């Protein structure tokens, strides 16, 4: 089973988190996962090319924004809500609120 | 007098703002200006090379995070606090609070 790198909670860095959130597609991914769900790349992808989605998920994972869990041949992505709240209380909620204001969602990420 | 591009308030975009804030030096600049002060690149720069500081200030300006005002041969930078609050209420304050948590400041931006 493939092992994915995830930073420890204490190693999650503010510039890295903000960079991970600085792209419309990645904001859409975070919005889609903000209900606490676990989703595969395919669930999240819509018309986005698989390699592009893999790239975006890797940036979010390496910044500590999401976690990947392998189960058999499938990989499930979920937000590290508690870890992010522990490191930067209120930050993700604030970004989600700003994203909601501009209507970001997975169906509408190309801008 | 040189004219600098500044996006209109309505044209300030969330991914662009988050990208502008996704770098330790730029977070330090925003922290330094968060008291509402106007500062020149030289005031802000410390040991940072002038060309590097110019680059960081340009990214912040083009994202709508700061405004440059020319006066004679000098250029003064200040945060667009009201415009950002208008577009994304609470966002900058939240990023500043997360930055304070990790001790970001102009004197300590290299990490």
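The values are calculated or read from the model by the stated rules, or taken from the named source; none is laboratory data. Note that the structure is a prediction, hence the values are computed from the model and not measured. Cβ: placed from backbone, ideal geometry, glycine included. Neighbour counts: every protein chain shown.
Which one of these does residue A:49 not meet: (1) without any contact (Cβ under 8 Å) to a residue 60 or more places away in the chain; (2) more than 15 Å from the chain's Cα centre (by Cα); (3) closer than 21 Å to residue B:17 by Cα?
Only one criterion is unmet by residue A:49, namely (3).
Check B:96, B:84, B:91 and return the single one that is more than 10 Å from the chain's Cα centre (by Cα), modelled with pLDDT of 95 or more, within 14 Å of chain A (Cβ to nearest Cβ) and surrounded by fewer than 18 Cβ atoms within 10 Å (Cβ to Cβ).
Values: B:84 fails: surrounded by fewer than 18 Cβ atoms within 10 Å (Cβ to Cβ); B:91 fails: surrounded by fewer than 18 Cβ atoms within 10 Å (Cβ to Cβ).
From the options B:96, B:84, B:91, the qualifying one is B:96.
Mind checking whether some residue in segment A:68-76 is part of a loop (DSSP other than H, G, I, E, B) and at pLDDT 95 or above? Steps first, please.
Step one: of segment A:68-76, the residues part of a loop (DSSP other than H, G, I, E, B) are A:72-73.
Filter once more, keeping what is at pLDDT 95 or above: none.
No, that holds for no residue.
Do you know which of the residues in segment A:1-48 that are farther than 26 Å from residue B:101 by Cα and within 14 Å of chain B (Cβ to nearest Cβ) is surrounded by the most Cβ atoms within 10 Å (Cβ to Cβ)?
Step by step, filter segment A:1-48, then rank; the result is A:29.
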